[in-house]
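See structure below.
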Amino acid sequence: MDWSRRQVLWAGGGMGAAALLTACGGGDRARSSGSGGKPRKGGTLRIGALGRSSAITRDPHGTQGNESDYLVIALVHDTLTAPGLKDNTVGRLASSWKPSKDLTTWRFTVAKGATFHDGTPVTADDVVWSLRRLRNTPAGAARLPGIKADHITAEGKDTVVLVSDFANAELPLLTRLSTFVLKKNTPDKDIAEAPGTGPFRLDWYRGGNARLLRNAHWHGGPVHLDAIEVTMFESPQAMANALMSGQIDVASNAGAVAARTAAARKDIQVVRRPNDMAMPLVMRTSGGPFADPGVRAAMKLIVDRKAMVRQVLSGYGTVANDILGTGDPDYATSIPQRHRDLARARKLLKDAGFDFSRTYELVTTEDVPGLAESATLFASQAREAGIKVKVVKQESGTFYQKTWLKGDFYTNYWGTNDSVVFFASKTMTTGSGQNEADWSDEAFDAAYHKVLATPGPKARTAALHDLQQIEYDRSGYLLWGMADGIDLAAPAVHGLPQLPGYGRVQLENVWLAR
Amino acid sequence: MTAVVVPGPRPARPRTRILLPVVPAVLLVLLAMTGPLLAAHPVDKPVTAPYGTAGTDTALGGDQLGRDVLSRLLHGGSALIGSALIVAAVVTLLATLLGCFAVLGPRLGRLVERAADTAILLPPVLGIMLLALAWPGGGRLAISVAAIALGTPYAVRIVASAAAPLATSGFVEAATASGERLGHLALREILPNLRATVLALFGLRFVDAVYVIAMAGFLQLGPQPPEADWALMIRENGPGILLNPWAVVAPGLAIGLLAISVNLAANALAPATARRAALR
C-alpha cells in the first residue's frame, strides 16, 4: 500500500509526503520492532518502496505520487510537527506551539539547534518562506486550511505566527502533513538538491532510487544508520521477491499475501502496523444513482464487512464503520457497528425508487494489493441483494485522471490513516480540495467548524462525536475495513517504526545488527 | 481430397491414426463446454481462505478471494473456446473469399497484398492494445474484433498463395474462355480445390486465436473480473503463486493443453503439404 501515494500527489494534499517526513518525526519515538539489544551505530539500510517512474517528483511541496519519493523527501526535510505514539501530534522542527485564546493565532517555536545540512541555522524566515510556498501550490488551501499566505509571518528569529480565518484547535495536527521546510529563497531549479533539516542528507538520486547519508548534527537526536539506500519498485510482488532474495533489507507495504508467503520463512520479520490503510468505496453524493442518502445507507448495509476483511485482506485488518480516521484517539466507538442487513437494504432501495434493472459500474485500480479484489467481492455481495455491479479496472493513470473525484462509484485508498478531522478537512467539508464524493452537508460543515473552535478536550470529544455521527449517517464513504500495514524485513533490521499510516517512515531509529 | 493442390504421393493414413490425435481436443472442448454443470461451487463465492491450499472440499484450492479454483476453471473455458472458434471461423471465411478473388483480379490482388503486408508488420499486442484503448468497455467483443482484424491479412496471403497456381490452371482458363463471371470462377472453380488449405488454416487460426485472446486476457484488455477466464485467472492469482500454485498452474495448463490438442487435431485432419503451405 503505497499509502496514499496517489492521493497525495494527485490530491496535492501532500499528505503523503508529509507523512513520510512526519513519520520520521522526532518527538516521541515509535516503538521499535526488534526488541532487545542496544542500538548499534553504522551500516547501510537498503529499503524498497513502491513508485512508478512516470510519477517521479522531487519537490517537497509538489504532489508526490510515489511512496519512494515521499520516503526520500521525508528523510531529508522536516515538517513542523509529526505523528506520535502517545500524543497524536509531537514536535519535529517546531519544538512547541501555543494558540491565542480565540484559537485563531498560533505561534510555533523552531527547535533549538536545528540547522540545515550545510550548517546554517534554521530561522523563522525559512519556515515562513516554505509555508508560503506550500500555501501557493494548487493544493495549498487543502494543506493549510484557513490560512492565507499573507497570514504566515515571522516574529523574531525563532517564532512563526499563523493566523487562521476561523478558530482552529487542530492546526498543529494539520501541520504534520506537508510542511517541509527549505531554506529561504531556494530557486525552483535547485529544489531537488536543496539542503534540508532532516536526519539524513541526500547523497544522490537517480530515477526514483536514492542514497542518503546520516546527518550527524540532526537536532532530533542521534541517528544510527550510516546510510539508507532507497530502491523504487513498481509492484509489491517484485519488492517482496527482492527482499526474499536478499537484495533489500526492508520491503515497505508489501501486503498481506506477501506476508503470508514470507511467513513460511523464519528468516524474515513481518512487521504488522494495525489500522494503517483505509480502503473505502466512494459513492457520488451530488448526482447519479447514489445521490439519495437512502441508497447510500442501503449500500452500507449490503456489504459483508467480515467477509471483506477475511477474503480481501487475508484477515490482516479490522472491520470499519464508515467513519474515516479510525486512528483518532477520539474515534467514536460508541456509534453502533453496521452489520449486513439485506432485508433493510432492500426496503431502503425500494423506498428510494432504486433502479434494479440497471448495471452499475464500480471502477477500481490495482494500485495497492487488495483494492481490485475488494471491488470484485463487493460486486458479488451486491448481486445477492439484487443489484448488478460490474467491476471496471482502470490503469492507475487513467483512474486518477478520469475517475478519482469525478466517478459515481469507485474504490479508493488512504494510506495516511489519520484523525477524523484530517479526513473531514481534506475530503468531506464543502469545497475541500479532495472531496471525493462531492459531498456538501451544512450540518457536517457546522459540526466541523465547531470541532475546530472547541479548545477543551471534553467538549471537543462531544463535538467530534456529532461530526462522526453525521459522517456515519450520510457521507459518500462506504468504509468496510482497515488494512494492516505490513512491512517485511531481514532479521538484522531493528527499530522499524510501528505507527500506522505515514508514521511508519521514522527510519532514524532503525539500526542494523550486523 | 487435395489432389489438385498437392499432386505428390501421399501415404494412406489409417482411420485410427487420424482419429487418435483428434480425441484429446474433442474431449477437452467438450469438458470446457459442459464444465459449468460439473462445477461444485458457485463461481463468485468465497469458499475457502484466499489462496487456500488444496483440500477435500476444494480440489485445487482457492484463488485470490478464496473462490474455488476448480469450479472457476470449469467455468472459464467455454468463453475462451467459443470466442476462439468464432474468430477462427470468421478469419478463415474472410481470408478464403478475399484470397480467391485476389488471385483473379490483379488490381484487387495487389491491394490485398499491400494491405496484408502492412498489417502483418503491426505487432498483434500493439494492435490489440490500440483497439482496447479506442474501445473501452468493449471487453471480449473488442478482443475478438482485434483478433479478426489482425489475423485476416496473414491468412489471406496463405489462401492467395495456395490459389495462385489454380488461377493459371487449365480448367480455370477454360472457364474464363467460356465467359464465366468472376464470382463463378472464384467460388465454383477455385474454392472447391482449396478445401485442404482452408481446413489446415482453420486449425491454425483457432490455435492462434486462443493465444491472442489469452494474451489479451492476461493483459486485462478483454474480460474483466469477476469473470472466470483462464488467462485472467493466471494474471489475478500471480501474487499468491507460492501459497497456492494451482490457482496459476491449472489455468496455464488448461490453455496449453487446449492449444496443443487442437493443433494436434488440425495436424491429423489436414494433409501435411497443405499444412506446410499454411505455416509458411
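Assorted remarks:
- Available extension along the chain between B:THR34 and B:ALA59 is 7.2 nm, counting 0.36 nm per residue and deducting the alpha carbon span.
- Net charge contributed by nearby residues that have their C-beta within less than 12 Å of A:SER53 (K/R +1, D/E -1): 0
- Our coupling estimate for segment A:484-500, obtained by passing each phi through the Karplus curve with A = 6.51, B = -1.76, C = 1.60 and θ = phi - 60°, is 6, x, 10, 10, 10, 9, 6, x, 6, 7, 10, x, 5, x, 10, 6, x Hz, Gly and Pro reported as x.
- When the Cα positions of A:ASN417, B:LEU199, A:GLY65 are compared along the charge dipole of the protein assembly as shown, B:LEU199 comes out farthest toward the positive end, with charges on each C-beta of Lys, Arg, Asp and Glu.
- A loss of 50 Å² or more of accessible area (1.4 Å probe, protein heavy atoms, ligands and nucleic acids excluded) relative to the isolated chain is seen in these residues of segment A:245-268: A:VAL257, A:ARG260, A:THR261.
- The shape of segment A:129-274 comes out prolate: with a ≥ b ≥ c from the C-alpha gyration tensor, a/c is at least 1.5 and a/b beats b/c.
- Dmax and Rg, reported as Rg then Dmax, of segment A:78-187 (C-alpha, Å): 12.9, 39
- Across chain A, Cα pairs under 8 Å and at least six residues apart give a relative contact order of 24 percent.
- Working from label points 7 Å from Cα in the Cα-to-Cβ sense, the B:ARG110 to B:ALA177 distance is 2.8 nm.
- List B:GLU227, B:GLU236, A:GLU395, ordered by accessible area with a 1.4 Å probe, largest first: A:GLU395, B:GLU227, B:GLU236
- Where A:HIS339, A:HIS217 fall by accessible area, highest first, once all protein chains stay in place (1.4 Å): A:HIS217, A:HIS339
- Partner shielding of A:376-385 amounts to 4, given as the average count of beta-carbon atoms from other chains within 10 Å of each residue beta-carbon.
- Dipole magnitude (debye, nearest 20) for the protein assembly as shown, charges at Cβ of Lys, Arg, Asp, Glu: 1560 debye
- Ordering A:HIS77, A:ILE152, A:THR430 by the projection of their Cα atoms onto the charge dipole of the protein assembly as shown, which places +1 on the Cβ of Lys and Arg and -1 on the Cβ of Asp and Glu, puts A:HIS77 at the extreme positive end.
- Pairs from A:LYS112/A:LYS157; A:LYS350/A:LYS390; A:LYS300/A:LYS406 whose Cα-Cα separation, in the structure shown, is over 18 Å: A:LYS350/A:LYS390; A:LYS300/A:LYS406
- Convex hull volume of the C-alpha atoms in segment B:18-269, normalised per residue: 130 Å³.
- When only alpha carbons are used to place a centre, segment A:253-274 and segment B:56-120 end up 41 Å from one another.
- Angle in degrees between helix A:124-135 and the longest Cα principal axis of chain A, rounded to the nearest 10: 30 degrees
- Prolate/oblate/rounded call for segment A:302-397, Cα gyration tensor, a/c under 1.5 rounded: oblate
- Distant-in-sequence amide H partners of A:GLY317 (H built 1.01 Å from N, under 5 Å): A:ASP484
- Summing both sides, the accessible surface hidden between A and B at a 1.4 Å probe radius is close to 1800 Å².
- DSSP loop chymotrypsin sites (Phe, Trp or Tyr not before Pro) with at most 16 other Cβ within 10 Å excluded, longest remaining stretch of chain A: A:167-355
- Accessible area of B:LEU253 (1.4 Å probe, protein heavy atoms only, ligands and nucleic acids ignored): about 100 Å².
- Heavy atoms of A:VAL230 accessible to a 1.4 Å probe, total area in Å² rounded to 10: 0 Å²
- Volume in Å³ per residue [convex hull over Cα atoms, computed for chain A]: 129 Å³
- Distant alpha-carbon pairs in segment A:199-301 (separation over 21 angstrom), percent: 60 percent
- Solvent-accessible area, 1.4 Å probe, carbon plus sulfur percent, for segment A:170-299: 49 percent
The values are calculated or read from the model by the stated rules, or taken from the named source; none is laboratory data. This is a predicted model, so every value here is computed, not measured. We place every Cβ from the backbone using ideal geometry, glycine too, and count neighbours over all the protein chains shown. What goes into the accessible areas is simple: the full protein's heavy atoms, side chains included, and nothing from ligands, DNA or RNA. Shrake-Rupley method; radii C 1.70, N 1.55, O 1.52, S 1.80 Å.
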